[in-house]
1. Listed residues Glu9, Glu80; which is modelled with pLDDT of 95 or more, of a type in the set (D, E, K, R) and under 30 Å from Ser156 (Cβ atoms)?
2. Counting just the residues of the stretch 112-133 that are farther than 19 Å from Pro149 by Cα and buried (at least 23 other Cβ atoms within 10 Å of the Cβ), which one comes out farthest from the chain's Cα centre (by Cα)?
3. Restricting to the stretch 158-187, name every residue that is part of a helix (DSSP H, G or I), under 15 Å from the mean Cα position of the chain (by Cα) and hydroxyl-bearing (Ser, Thr, Tyr).
4. Please state which of the following conditions Gly68 fails to meet, knowing it meets all the rest: (1) without any contact (Cβ under 8 Å) to a residue 12 or more places away in the chain; (2) over 30 Å from Pro214 (Cβ atoms).
5. I'd like to check something: does the stretch 105-113 contain any residue that is at pLDDT 95 or above and either over 13 Å from Arg51 (Cα atoms) or assigned to a strand (DSSP E or B) (or both)?
6. Out of curiosity, is Arg128 closer than 30 Å to Tyr155 by Cβ and not small (Gly, Ala, Ser)?
Amino acid sequence: MDASPRRPEDQRRADFAEADLELAETLDNLDGAAGYAAWIFELCAPHLHGRVLEVGAGHGTFTELIAGRVDEVVATDLSERCAAILDERFASDPKVSVVCGGLEEIGDRGLFDSVVVINVLEHIEDDRAALDTLAGLLRPGGALILWVPAFEALYSDFDRRVGHVRRYRSEELRAKVETAGLEVTESRYVNPVGGLAWLVTAKWLRRTPTDAGPVRIFDRYFVPWLRRVDRHFHPPFGQSVFLSAVSSRGGAREIDGA
């Protein structure tokens, strides 16, 4: 008889409703981490222009930043709870339209100049099919921007509770994006200190790494320094993977005038 303890990834992963409830407080806490959000947005910003699709917009932290830079944002989320928050947050912003649903709900909205997917792809069972769909929503020369959690070795009970199917290595994500017919322009790890903190807090101590107190401390004291270092040094390890890619083909759903 095997008496070894079960690994978190071997236990039942939370279903969508459970994960949505677990993520509610996390998204609120991260919405207050202005420095961390600005760091991610700084990496995304050079690839944003024109019409932007944001997949899994959550509570709108990045939607707000994106809308300040581009012509139009279509913000989607599968969660009715998140969609209601997005509707209220952007009710007076004509640049932002909200869609409650997945990629199939985009319908006849045409093609996009940029597609942003932050902390979403890891929730999707068939990520290859999702990447194919995302590639088909881009205009020629359009940019796909991905931000995903890094390294299966960091997979924790918190990952399980929020519905993560996997964590990624940079090389794995690059290969999947290239298989979808996109040209990768950048793929690298970000935030090594956060990765180590995740290993200790989430993996070893089995605590929630996104509680308000730790998030505020990290955002105030660590993010400014990490952000400066990241501009000059790209580590071989991190909490997340950032990837950008461009499309050299027309989207599968091109519409007249889109």
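The values are calculated or read from the model by the stated rules, or taken from the named source; none is laboratory data. Remember, predicted model here, so these are calculated numbers, not experimental data. As a convention, Cβ positions derive from the backbone with ideal geometry for all residues, glycine included, and neighbour counts pool all protein chains shown.
1. None of the other options fit; the residue is Glu80.
2. Here the answer is Phe112.
3. Ser170
4. (2)
5. Checked the stretch 105-113: at least one residue is at pLDDT 95 or above and either over 13 Å from Arg51 (Cα atoms) or assigned to a strand (DSSP E or B) (or both).
6. yes
Per-residue answers, yes or no, for (1) over 21 Å from Arg216 (Cα atoms); (2) of a type outside the set (A, V, I, L, M):
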residue: Glu18; (1), (2): yes, yes
residue: Ala33; (1), (2): no, no
residue: Trp39; (1), (2): no, yes
residue: His49; (1), (2): yes, yes
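Rundown of residues vs (1) at pLDDT below 95; (2) closer than 22 Å to Ile118 by Cβ, yes/no style:
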{"position": "Pro209", "(1), (2)": "yes, yes"}
{"position": "Arg227", "(1), (2)": "no, yes"}
{"position": "Gly238", "(1), (2)": "no, yes"}
{"position": "Arg249", "(1), (2)": "yes, no"}
{"position": "Ile255", "(1), (2)": "yes, no"}
